[in-house]
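The values are calculated or read from the model by the stated rules, or taken from the named source; none is laboratory data. What you see is a predicted model; the values in this text were computed from it and never measured. All Cβ positions, even for glycine, are placed from backbone atoms using ideal geometry, and neighbour counts span all protein chains on display. Areas reflect the complete protein model, heavy atoms only, side chains present, ligands, DNA and RNA absent. Shrake-Rupley method; radii C 1.70, N 1.55, O 1.52, S 1.80 Å.
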Amino acid sequence: MVEFDRTRIPQHIAIIMDGNGRWATERGLDRTFGHKAGLDTVKTITSECTRLGVKYLTLYAFSSENWNRPAYEIEGLMKLILNFIEYELFIDNNVRFLVIGDTKRLPKSVQDKIDYMIRTTAKNDALTMVVALSYSSKQELVRSTKLIAQKVKDGEMSIEDIDEQTISDHMWTNFMPDPDLLIRTGGELRISNYLLWQIAYSELYFCDTYWPDFNEEALHKAIADYQRRQRRFGKTEAQVEEEEAKG
C-alpha cells in the first residue's frame, strides 16, 4: 500500500494517457481494444481523483497530430468518445465535463454530445474533468497570439499591456489553474505538444505502465512522488523552507 499525505493532494493533475496501442499489440489484439481498455482506466482514475479531492483532471485524449493515424483507428476512437461522454460517471461522481482543443474538426455527432454533456454537468463541482480533443499546444499558443494581436489592432489594448497573465487569459485553459502534476504513462519521456505554456512549473512524473494498467495504486505512487518534491518556483530551498516555517 502506498503511503501519502491526503492533506497535500495536487489540485490539478494532467495526464498523457499513453500506451493503449502497445498494450493491445503485445496481447495480439487490434489497437482499438487498447483504447477500449484505456477508457475503463479513465473511469477508474476519475473516480479515484474525485475521492481524493483533486479539483481538476486534464486528460490528453486526442492530439491534432492523431488525425494522421489510420482512418479505422480514428473512427474507433470517435465512437469510444461518444460512448464515454454518455457515461454515468459524471453524474454519479458530481464531475463537471469540459473540452479544450479545435473541436470544430470533430464529427458533428461528437460535437453535439460534447455540448450536451457540458450543459448537463455545468453545476457539478466535485471535480472538473477537462478532455483535450484535437488539441495542440503550439496551435493553442498561435491562437492566443492572434487573439491578443487582434485586440491590439482594434485598440482594445496596447502592446505594453501584454504580460504573462494576458497570454494565460487567452488560452483554452484560462478557466483553471496550471497543473501541479503532469503524469505520462507508457514509458516515453516527452511532452508531445501538451500544455507547454501551462506546465512551466509543473512536477513531471513518467512511468513505464501502459495506460490500461494504470490503476489507483499507480496514481497513489505518482502523488507520493509529487509530495516528496519541493516546489520552489525559482526560489532557493532555504527561501521555501523559511516561508513554510512562517506558515
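Checked against (1) under 21 Å from Gln198 (Cβ atoms); (2) over 16 Å from the mean Cα position of the chain (by Cα), Leu98 passes all but condition (2). Looking at Thr46, Thr7, can you tell me which residue is at pLDDT 90 or above, open to solvent by less than 20 Å² (accessible area, probe 1.4 Å), closer than 22 Å to Glu203 by Cβ and among the polar types (S, T, N, Q)? Answer to the selection: Thr46.
In segment 137-147, the count of residues that are of a type in the set (Asp, Glu) and open to solvent by less than 30 Å² (accessible area, probe 1.4 Å) is one or more. For segment 163-182, a residue qualifies if it is surrounded by fewer than 16 Cβ atoms within 10 Å (Cβ to Cβ) and part of a loop (DSSP other than H, G, I, E, B), and the qualifying residues are Asp163, Asn174, Phe175, Pro177. Could you list all residues from segment 148-160 that are loosely packed, with under 12 Cβ neighbours inside 10 Å, touching a helix residue (DSSP H, G or I) at 6+ places or on another chain (Cβ under 8 Å) and of a type outside the set (Gly, Ala, Ser)? Of everything in segment 148-160, just one residue is loosely packed, with under 12 Cβ neighbours inside 10 Å, touching a helix residue (DSSP H, G or I) at 6+ places or on another chain (Cβ under 8 Å) and of a type outside the set (Gly, Ala, Ser), namely Ile159. Annotation note: Cβ proximity below 6 Å between a residue of segment 140-154 that is over 14 Å from Ser168 (Cα atoms) and modelled with pLDDT under 95 and a residue that is of a type outside the set (D, E, K, R) and open to solvent by less than 50 Å² (accessible area, probe 1.4 Å) (sequence gap 6+ or interchain) occurs for no pair. Quickly run through segment 115-142 and pick out the residues that are assigned to a helix (DSSP H, G or I), in contact with a Phe, Trp or Tyr (Cβ under 8 Å, 6 or more places away or on another chain) and closer than 25 Å to Ile199 by Cβ. Within segment 115-142, Ile118, Ser137, Glu140, Leu141 qualify. When residues in segment 2-56 are screened for being without any contact (Cβ under 8 Å) to a residue 12 or more places away in the chain and either more than 26 Å from Asp92 (Cα to Cα) or in contact with a helix residue (DSSP H, G or I) (Cβ under 7 Å, 6 or more places away or on another chain) (or both), 7 of them pass.
For (1) at negative phi; (2) open to solvent by 20 Å² or more (accessible area, probe 1.4 Å); (3) charged (D, E, K, R), each residue gets a yes or a no:
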residue: Gly19; (1), (2), (3): no, no, no
residue: Arg27; (1), (2), (3): yes, yes, yes
residue: Thr41; (1), (2), (3): yes, no, no
residue: Arg51; (1), (2), (3): yes, yes, yes
residue: Thr58; (1), (2), (3): yes, no, no
residue: Ala61; (1), (2), (3): yes, yes, no
residue: Pro70; (1), (2), (3): yes, yes, no
residue: Ile85; (1), (2), (3): yes, no, no
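Only one of the numbered conditions (1) part of a helix (DSSP H, G or I); (2) of a type in the set (S, T, N, Q); (3) at positive phi is violated by Ser192, and that is (1). For segment 199-231, give me each residue that is assigned to a loop (DSSP other than H, G, I, E, B) and either in contact (Cβ under 8 Å) with a residue 60 or more places away in the chain or touching a Phe, Trp or Tyr at 6+ places or on another chain (Cβ under 6 Å) (or both). Matches in segment 199-231: Ile199, Tyr201, Ser202, Thr209, Tyr210, Phe214, Asn215. For Ile114, the conditions (1) at pLDDT 95 or above; (2) crowded, with 18+ Cβ neighbours inside 10 Å; (3) closer than 28 Å to Trp67 by Cα are fulfilled apart from (1). Exactly one condition in (1) touching a residue at least 40 places away in the same chain (Cβ under 8 Å); (2) closer than 21 Å to Thr128 by Cβ; (3) out of contact with any His (no Cβ under 8 Å at 6 or more places or on another chain) is not met by Asn193; state its number. It is condition (2) that Asn193 fails. How many residues are in a strand (DSSP E or B), under 13 Å from Ser136 (Cβ atoms) and not hydrophobic (A, V, I, L, M, F, W, C) if we restrict to segment 59-105? Within segment 59-105, residues that are in a strand (DSSP E or B), under 13 Å from Ser136 (Cβ atoms) and not hydrophobic (A, V, I, L, M, F, W, C) number 2.
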